[in-house]
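The values are calculated or read from the model by the stated rules, or taken from the named source; none is laboratory data. All figures in this text were calculated on a predicted structure; none of them were measured in a lab. Methodologically, a virtual Cβ is constructed for each residue, glycine included, from the backbone with ideal geometry; neighbour enumeration extends over all protein chains shown. What goes into the accessible areas is simple: the full protein's heavy atoms, side chains included, and nothing from ligands, DNA or RNA. Shrake-Rupley method; radii C 1.70, N 1.55, O 1.52, S 1.80 Å.
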Amino acid sequence: MAKNDKKELVIIGAGPGGYAAAFHAADLGIKVTLIDPEVNPGGVCLYRGCIPSKALLHLAKTKEEAMKASEWGMQFEKPKINRKKIAEWKESVVKKLTDGLGQLSKSRKIEYVQGKAKFTGENELEVSPEKGEKFKVSFEKAIIATGSSAMELPNLEIDHKKIWDATDALELKEIPKKMLVIGGGYIGLELGSVYASLGTKVSVAEMTPGFLPGTDRDLIKIFQKKEPFKNVYFETKVEEVKMTKEGVKVFLKGKNDEKSKKFDCVLVAVGRKPNTQNLGLDKLGISPNENGFIEVDAERRTDHEHIFAIGDITGEPMLAHKASHEGRIAAEVIAGKKGAAYDPKVIPAIVFTNPELAWCGLTENEAKEIGRKVKIVKFPWVASGRAAAIGENKGFTKLLIDPESEVILGGAVAGKNAGSLISEIALAVEMGSTASDLSLTIHPHPTLSETIMESAELFYGSATHFKKG
């Protein structure tokens, strides 16, 4: 790295937000310097998050489908779990993708620095490379894309041996006989599902009355019909944890009782926090807000005209696809593209459990909270030919529609491939489509996508394959 010349654009963090910003900026003719601790771009998402967890969840779903096939007359032997081979396969997926990003970075002539950086002034960074001495870099513009990290509980130290965070769980160090997952959010449910599939007796402790706090309860009910956990403790707090020769003794305080349980290990999955520490933000006069996030405008600018921030550090929802979109917007603003601004109507959310849960736009809970009048239509998958053919008839597709304008305001899907189906509903909301637009769009048969069309038909009374009442 040439250390004395002034960089046109420096990006700190090469996760889905950082590398998307870097690639798009380079394509727009900007000279980019990208700094990240990993050997290649990818960030937490590719190395220790989205990609490895979904690889393992795919394996879990494959096993579940194979076991279910016995009900249809196809009997398989009980699966043999080879932990080491599974871990190697998961790592091969990660390596293939991150190596690919490294090649894409080189092909765009992006200057990539493996290391960490912090601000020492409004136009200066101190870079601590993986190898070699620290050095200073001056820049014209910068994007902060440092992502987030796992939150810890104040009374529970993660020792990475018997008390795990999500990164430990994804390493597949062992397959414990009994595990407690603290947290009933999407990380806890996804990783808990993986280990349950691998043979672990998984229990979940959640402080709120149900899984995925804030999510519409009809979605959660579909998941609970198939949830793979041995025990679930709602409205329960972990009071104390003691290490014993037999494992981990956990003291649980519920709404009406207290109990102690023994586990081989405990997975802490209580959420994530923005990585705004050790960035030298004080040198910029930037202070995170009360929730720890850096505040930005629609162009993703901070209080400084030439410094931008994207991704998890800028607020909820802390999702990779949101970060990527923000990164592209920031790159376009820096390139001088007129009209570039972050203004999405919807950001789809997906929980990759079995069944998958996905939603976007206005939710039923939100509509009730703000007193928004909506018409809710729901097509049950028991009436879907495709769902019946693949043994997935417990799901549904739901639309929230303005009763007067007939415009689609939001929607949700619970069932197989919900994460892929939700994109059509998201597009409908973004385009201001009406129920008529969806119902008159011919969907291929037999597919699960038809459930979106038939949900829209229900707005007008009845659908081809389902009649209300």
Cβ pairs under 8 Å, 6+ apart, first in region 454-469 and on the phi < 0 side of the Ramachandran plot, second assigned to a loop (DSSP other than H, G, I, E, B) and charged (D, E, K, R): Leu458/Lys468; Phe459/Glu406; Ser462/Lys468
Strands (runs of 3 or more DSSP E) wholly inside region 91-178 that include at least 2 residues being touching a strand residue (DSSP E or B) at 6+ places or on another chain (Cβ under 9 Å) and either over 19 Å from Gly13 (Cα atoms) or aliphatic (A, V, I, L, M) (or both): 111-121, 124-129, 135-144
Checking Asp402 against (1) crowded, with 16+ Cβ neighbours inside 10 Å; (2) out of contact with any strand residue (DSSP E or B) (no Cβ under 8 Å at 6 or more places or on another chain); (3) of a type in the set (Asp, Glu), the condition it does not meet: (2)
Whichever residue in region 383-406 is assigned to a strand (DSSP E or B) and not aromatic (Phe, Trp, Tyr) and, among such residues, is nearest to Thr62 (Cα to Cα): Thr397
Count - residues of region 29-85 that are open to solvent by 80 Å² or more (accessible area, probe 1.4 Å) and acidic (Asp, Glu): 3
Residue tally, condition within 24 Å of the chain's Cα centre (by Cα), surrounded by fewer than 23 Cβ atoms within 10 Å (Cβ to Cβ), under 20 Å from Asp343 (Cα atoms) and of a type in the set (Asp, Glu), over region 265-317: 4
Check on Val296, in a loop (DSSP other than H, G, I, E, B), touching a strand residue (DSSP E or B) at 6+ places or on another chain (Cβ under 6 Å) and either of a type outside the set (Lys, Arg) or in contact (Cβ under 8 Å) with a residue 40 or more places away in the chain (or both): yes
Boolean, Gly184 is in a loop (DSSP other than H, G, I, E, B) and closer than 23 Å to Leu56 by Cα: yes
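With Ile163, Ile175 as the choices, which residue is modelled with pLDDT of 95 or more and closer than 21 Å to Val44 by Cα?
Values: Ile175 fails: closer than 21 Å to Val44 by Cα.
Sole residue among the options that is modelled with pLDDT of 95 or more and closer than 21 Å to Val44 by Cα: Ile163.
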